[in-house]
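The values are calculated or read from the model by the stated rules, or taken from the named source; none is laboratory data. A quick note: this is a predicted structure, and the numbers were derived from the prediction, not measured. When we count neighbours, we look across all protein chains shown, and the Cβ atoms used for this are built from the backbone with ideal geometry, even at glycine. Quick note on the areas: whole protein, heavy atoms, side chains included, nothing else; ligands and nucleic acids left out. Shrake-Rupley method; radii C 1.70, N 1.55, O 1.52, S 1.80 Å.
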Amino acid sequence: LDADIDWTYRTWIVVGSVEEIRAFAVKKHQELRRLSWRFDTDRAGWFYRGSAQDSGWPVRDDLKIRFAPAPRGDVVSPEFFWRADEVPEVEVEAAFAKQEGVETLKAEIIFTPVGPKDGWIEAAWGVEAKPPPPAIHVPFTVQPDGEMRVYRARLQGHPAYIGPMRRLMLRLPSSDGQVRLKRISLQRG
């Protein structure tokens, strides 16, 4: 857990007719269906692999991450599950530091499909064991200009993006650089 973790619980008390209460509940349900992580005060359970490392504690406003070309840096989500047909795209709100002579860089969103080792297929049922499905890589272009931007990676339509998914990673560009990471959100359809 993060050292400065701050849990927030919300309760809504709605006074009105049954129709008004139902309308409020439908609106809130739609808002809450969005899986989103903000990195204002902590890492929100995310961790790093490869060359990615942040500036340490305390976290203020965003994650300040340094990365190098080898091994390529990853920002990895905590374990969670979703269905591919419910999430057509992902948003990354970030500012990539300026790099002289470089106009664009390539980053990737990587998703891990649920496989047999994840407990979704029981050996006791006589189901043939299969190797885990490969991760899905969706590249997107980022601008290393220091400006905070919202980048969108379209997932829907990728031939392997089908069924249950279990993990999300942001693979940072293959270069020396820095990024201020504010938010990552799965946008539900």
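Data table
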{"quantity": "Segment 154-169: number of residues that are surrounded by fewer than 18 Cβ atoms within 10 Å (Cβ to Cβ), touching a residue at least 40 places away in the same chain (Cβ under 8 Å) and not basic (K, R)", "calculated": "5"}
{"quantity": "Among residues of segment 98-128, those that are touching a Pro at 6+ places or on another chain (Cβ under 9 Å), outside any strand (DSSP E or B) and either at pLDDT 60 or above or not acidic (D, E) (or both), counted", "calculated": "12"}
{"quantity": "Any pair with Cβ under 7 angstrom, 6 or more apart, that starts in segment 170-189 at a residue that is within 28 Å of E86 (Cα to Cα) and ends at one that is of a type in the set (S, T, N, Q)", "calculated": "R183/S36; S185/S36"}
{"quantity": "Hey, I109 more than 14 Å from the chain's Cα centre (by Cα), touching a residue at least 12 places away in the same chain (Cβ under 8 Å) and surrounded by 15 or more Cβ atoms within 10 Å (Cβ to Cβ) or not", "calculated": "no"}
{"quantity": "Residues that are among the charged types (D, E, K, R), out of contact with any Gly (no Cβ under 8 Å at 6 or more places or on another chain) and at pLDDT 95 or above, drawn from segment 153-182", "calculated": "R180, K182"}
{"quantity": "Residue tally, condition under 15 Å from the mean Cα position of the chain (by Cα) and surrounded by fewer than 17 Cβ atoms within 10 Å (Cβ to Cβ), over segment 41-66", "calculated": "3"}
{"quantity": "Residue, nearest to R183 (Cα to Cα), within segment 49-66, restricted to residues that are part of a loop (DSSP other than H, G, I, E, B) and of a type in the set (S, T, N, Q)", "calculated": "S55"}
{"quantity": "Residues being in a loop (DSSP other than H, G, I, E, B), open to solvent by less than 20 Å² (accessible area, probe 1.4 Å) and either under 19 Å from S36 (Cα atoms) or in contact with a helix residue (DSSP H, G or I) (Cβ under 9 Å, 6 or more places away or on another chain) (or both) - total across segment 67-87", "calculated": "2"}
